[in-house]
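Engineer: Sending over a structure as structure tokens; questions will come in a sec.
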Amino acid sequence: MTGSVSQMLPVIRTRSQSRSSSSCSFTDMDYSDTKQKSHHVLSKLLMAAVLTAFCVVILRQPPNFSAPNPFSRREPGVTHVLVTGGAGYIGSHAALRLLRDSYRVTIVDNLSRGNIGAIKVLQEQFPEPGRLQFILADLGDAEAVNKIFAQNAFDAVMHFAAVAYVGESTLEPLRYYRNITANTLMVLEAMAANNVKTLIYSSTCATYGEPEKMPITEETSQFPINPYGKAKKMSEDIILDFSKRTDMAVMILRYFNVIGSDPEGMLGESPRPELREHGRISGACFDAALGIIPGLKVKGTDYATADGTCIRDYIDVTDLVDAHVKALDKAEPNKVGIYNVGTGKGRSVKEFVEACKEATGVDINIEYLSRRPGDYAEVFSDPSKINRELNWTAQNTDLSKSLQVAWRWQQAHRNGYAAPLAMAF
């Protein structure tokens, strides 16, 4: 129960007064029998005295408010992180890592792409008060975003929330600019209004486009070639311009193709069925291995690469979230850090498919198709800067092993996350 003293006491008084009027009114008494009536009068007076004393005691008691919401106040030694998009694949793994590291976590997600089942898993693992809260909200709703920031004492924001499929972005560009760029602006405005000074931004190698030289460094020119990459670069530009006028601590992580899942089997990747066409290649491989789809469609076999298929840098999700935590630990006021998060090694799609066959033990049927719009031939990172400045190096670089871990989760969750019985937002 919440409220102020001025709100609570009138209610208590009303109840007391009601009791007094019903128990202590003598206007209707009959005086025909004096002794009997005197006895009644004394009984009534005694009852009135008791009730009056009871009312005084009640009024003098402090209101019985519930304990203050721990998420609404800052505590020494406790870092409260807002994880936007925390019900999604990467965001949920980041929330899990933060919770394991004793951070206080608030997840905000509209569940358009995220999974309520992932939230349920996190809540079951960390049920203690003040550890985790989930808020169902859309970052495009200015009123909701402002209310969330006003009612919670955030120390930092990890901003994952986004739509994130290259192919889909070419079909629905306005959706991508609104969801990524406009919503990032909304988050920044709320941070500024509520004095939240640390931002870890989830960006992408798609901002580089198709560079002429490999590997990609942080100094590689950014010329994105699809709306997804363009929307992310616009968000980066907004963040960088804003940071020049404030003392914010900003970390921008541009990461590459994410695979894998939590080694303990808590979380995994579970995209909505209607998004399988646009999803990650790992999800398509697993769907094919499970018989959900008849086979795997490889788009593009005529690229200027050794085997004609695209080359990508595949980063395990546990390594990725480790980079985010290290970035949070190293974030400093008035400083901006920009880092590529990858293994530094490119693998072709054909290599990936063979690793997926090995991990699943299934001879997946492969269908080769024309190129996907907005795609590029070769992208892999030079991670030397993040290794040097944040002491981060990818630990899970065996493609087959990362896929084996993810495959175990997929086998145990053939229908994705089980729907929770109940959920309080």
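Engineer: How large is the charge dipole for segment 70-412, taken about the Cα centre, if only the Cβ atoms of Lys, Arg (+1) and Asp, Glu (-1) carry charge, to the nearest 20 debye?
Structural biologist: Dipole size: approximately 420 debye.
Engineer: Just to be sure I understand the curve: with the Debye formula and one point per C-alpha of segment 70-412, what is log10 I(q)/I(0) at q = 0.09, 0.13, 0.15 Å⁻¹?
Structural biologist: For segment 70-412, the Cα-only Debye profile gives -0.45, -0.98, -1.34.
Engineer: Assuming 0.36 nm per residue, please report the length gained on full extension of the stretch Arg175 to Ala193 beyond their Cα-Cα distance.
Structural biologist: That pair, Arg175 and Ala193, stretches by 3.9 nm at full extension.
Engineer: Once you place label points 7 Å from the Cα toward the Cβ at Ala182 and Asn146, how far apart are they in nm?
Structural biologist: Those two pseudo-labels are separated by 1.7 nm.
Engineer: Can you tell me the FRET efficiency between Asn365 and Arg73 if r is taken as the Cβ-Cβ distance and R0 is 45 Å, rounded to the nearest 0.05?
Structural biologist: About 0.20, to the nearest 0.05.
Engineer: Quick one: Cα centre-to-centre distance for segment 113-137 and segment 152-188, in angstrom?
Structural biologist: Comparing the Cα centres of segment 113-137 and segment 152-188, I get a distance of 21 Å.
Engineer: Follow-up. Distance in nm between label sites at Asp241 and Arg408, each 7 Å beyond Cα in the beta-carbon direction?
Structural biologist: 4.8
Engineer: Peptides 358-368, 401-411: what's the order by average Cβ count within 10 Å, highest mean first?
Structural biologist: 401-411, 358-368
Engineer: Take the cross-link list Lys326/Lys385; Lys232/Lys350; Lys120/Lys297; Lys197/Lys232; Lys297/Lys350; Lys335/Lys385 and give me the ones stretching past 23 Å between alpha-carbons.
Structural biologist: The answer is Lys232/Lys350; Lys120/Lys297.
Engineer: Mean 1/r over all different Cα pairs, inverted: what Kirkwood radius does segment 288-354 give, in Å?
Structural biologist: Computed over segment 288-354, the radius equals 15.0 Å.
Engineer: Given the peptides 81-92, 158-169, 283-294, arrange them by the average over their residues of other C-beta atoms within 10 Å, most packed first.
Structural biologist: For the peptides 81-92, 158-169, 283-294, the packing ranking is 81-92, 158-169, 283-294.
Engineer: Along the Cα-to-C-beta direction of Glu277, a point sits 7 Å from the Cα; which residues of segment 156-181 have their amide N less than 20 Å from that point?
Structural biologist: Zone members listed by number: 163-177.
Engineer: Given points 7 Å out from each Cα along the Cα-Cβ axis, report the Ser102 to Glu389 separation in nanometres with one decimal.
Structural biologist: With each label placed 7 Å out from Cα toward Cβ, I get 2.9 nm.
Engineer: I want the antiparallel fraction of DSSP beta bridges within segment 70-412, as a percent rounded to 5.
Structural biologist: Once the DSSP bridges in segment 70-412 are tallied, antiparallel ones form about 5 percent.
No value in this document is a laboratory result; all are computed from the given coordinates. This one's a predicted model, so the numbers in the text were calculated from it and none came from an experiment. Every residue, glycine among them, receives a Cβ derived from its backbone with ideal geometry; neighbour counts consider all protein chains shown.
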